[in-house]
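Data first, discussion second: the structure below is written as structure tokens.
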Amino acid sequence: MDTVVNRLVRYAKVYSESDYYGQSGTPSAQREFDMARLVVEELHALGIDNAFVDDQCYVYGWLPATPGYEHLPAIGLIAHMDTSPDMTGKDVKPQILHYEGGDIVLNRELNIVMEAGQFPELANYVGQDLVCTDGTTLLGADDKAGIAIILQAVEELLAQQTPHGKICLGFTPDEEIGRGASNFDVAGFGADFAYTVDGGEITDYEYETFNAAMAEVIVHGFSIHPGSAKDKMKNALLMAMEFNALLPALETPGHTEGYEGFFHLQEMEGKVEQARMVYIIRDHSMERFQQRKAAFEKAVAEMNRRYGTGTVEAKVEDQYYNMYERLKDHPEILALAEAAMRAGGIDSPTHSPIRGGTDGSVLTFKGLLCPNLPTGGHNAHGRFEYVPVQSLEIGVKTIKALVGAELVEEIMIGKESTHHV
Ligand SMILES: [Zn+2]
């Protein structure tokens with residue numbers, strides 16, 4: 001039997017960083033196939049012969065239901081194989097440190113220290129073992145901890161002959177650059193619902209994300225020599241600023257938190273003749289999201305009233321929706337997650353709204369309901385990334401309970417458990 005820690009250390013050493021500026025489509029970097037091939041190899045070793053990687057670097061595999069449990073829903077488990085390009089993931093040298101409190105020296109030679117004062121949640125892990133970096137790379141527990149937890153749970157389920165319904169396994173490339181779900185084969189995957197295992201602190205799971213739209217605004221100006229421009233010039237740059245001023249000034253990322261939505265101007269370029277702006281529009285509430293898009297269109301209409309039809313053009317496209325919009329009609333999917341976390345050893349699971357989206361929000365948008373479960377990782381995308389060993393182990397217990405027939409029957413089918421201790 002392998003261990004979840006050994007798996008994480010093994011996976012973390014594989015260089016599979018995605019690339020914002022890489023090839024289009026998936027994977028953005030060919031090296032992501034190295035991780036995909038390793039996952040397929042390990043699934044085969046567990047006896048999951050149907051596992052494969054497709055030409056877009058998605059790995060799929062299926063465990064058929066234990067005979068007699070075919071009536072249970074097919075549950076999907078999903079993790080991503082790439083690491084964030086925000087910090088290098090090359091030559092990761094994971095180390096396991098016993099934490100006695102205080103600062104953690106990650107690298108004596110380079111004097112890289114994780115200070116307890118800067119990361120107060122470290123106090124929760126005194127007396128535990130932490131998987132850390134050597135301070136020169138990220139760890140990639142985001143999301144290789146998710147892969148390690150899923151594969152370890154599968155190995156233990158099979159070894160312990162725990163009955164289960166059909167289990168669908170999916171591992172994606174390019175999550176960190178926002179393309180993780182774009183080529184995911186929802187129909188071929190065949191799950192009734194799924195969970196991404198890609199969260200943070202082991203006590204917290206997530207099922208509320210933003211509703212998201214992206215808007216590209218083109219402002220058409222008219223350029224003429226400034227010396228003879230009177231009553232003729234239409235300066236696209238000035239009109240672009242005027243357009244932005246029609247949006248609520250305090251509803252931006254820098255002025256909002258919790259459940260407050262925003263308009264975010266993230267790109268702006270141009271000349272007198274033409275200007276272009278890119279906005280993202282976000283809100284947890286579907287009603288307020290629609291109102292925000294309407295307000296945006298109203299600003300476009302007002303500019304065209306002032307300067308003539310066609311002066312400002314906007315293309316607004318929805319990107320994903322708050323998965324809770326769909327999940328609120330399926331509380332049993334959340335109840336199963338919470339019950340599994342309790343079975344894993346978390347007495348009172350919490351949930352917090354994500355000010356962003358996940359692969360799960362895109363998958364939910366594509367019809368596959370998909371909340372997000374924790375891996376136990378902290379400080380993702382940087383040199384201070386770490387994950388406590390005990391959290392990884394809780395993660396494995398959680399996943400085993402989540403797909404095990406006992407809990408699924410109790411919560412999804414409403415049947416009293418026949419198992420007596
Ligand atoms: Zn992640």
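The values are calculated or read from the model by the stated rules, or taken from the named source; none is laboratory data. What you see is a predicted model, and the numbers here were worked out from it, not measured in a lab. With ideal geometry, Cβ positions are generated from the backbone for all residues, glycine too; neighbour counts draw on all protein chains shown.
Conditions tested, residue by residue: (1) of a type in the set (A, V, I, L, M); (2) out of contact with any Asp or Glu (no Cβ under 7 Å at 6 or more places or on another chain); (3) outside the structural domain of I280 (by TED's automatic domain parsing).
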position	(1), (2), (3)
H225	no, yes, no
K230	no, yes, no
A236	yes, no, no
M241	yes, yes, no
T252	no, yes, no
E257	no, yes, no
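Applying the criterion of at least 3 residues that are within 16 Å of the ligand (Cβ to nearest atom) and under 17 Å from the mean Cα position of the chain (by Cα) to the strands (runs of 3 or more DSSP E) found wholly in the stretch 114-217 leaves 167-172, 193-199. L72 meets each of the listed conditions (1) in contact with a Ser or Thr (Cβ under 8 Å, 6 or more places away or on another chain); (2) away from the ligand (no atom under 16 Å from the Cβ) apart from (1).
All of R383, R355 fail the test of being within 16 Å of the ligand (Cβ to nearest atom) and assigned to a loop (DSSP other than H, G, I, E, B), apart from R355. Residues in the stretch 362-372 that are outside any loop (DSSP other than H, G, I, E, B), under 15 Å from L334 (Cβ atoms) and within 14 Å of the ligand (Cβ to nearest atom): N372 only. In this structure, L151 does not satisfy being at pLDDT 95 or above, aliphatic (A, V, I, L, M) and surrounded by fewer than 16 Cβ atoms within 10 Å (Cβ to Cβ).
Assess whether E242 counts as being surrounded by fewer than 16 Cβ atoms within 10 Å (Cβ to Cβ) and of a type in the set (D, E, K, R). When the stated conditions are applied, E242 does not pass them. Looking only at residues in the stretch 31-83 that are outside any loop (DSSP other than H, G, I, E, B) and either at pLDDT below 95 or of a type in the set (D, E) (or both), the one that is surrounded by the most Cβ atoms within 10 Å (Cβ to Cβ) is E32. Scanning the stretch 308-350 for residues that are in a strand (DSSP E or B), at pLDDT 95 or above and surrounded by fewer than 18 Cβ atoms within 10 Å (Cβ to Cβ) turns up E313, K315, V316, T350.
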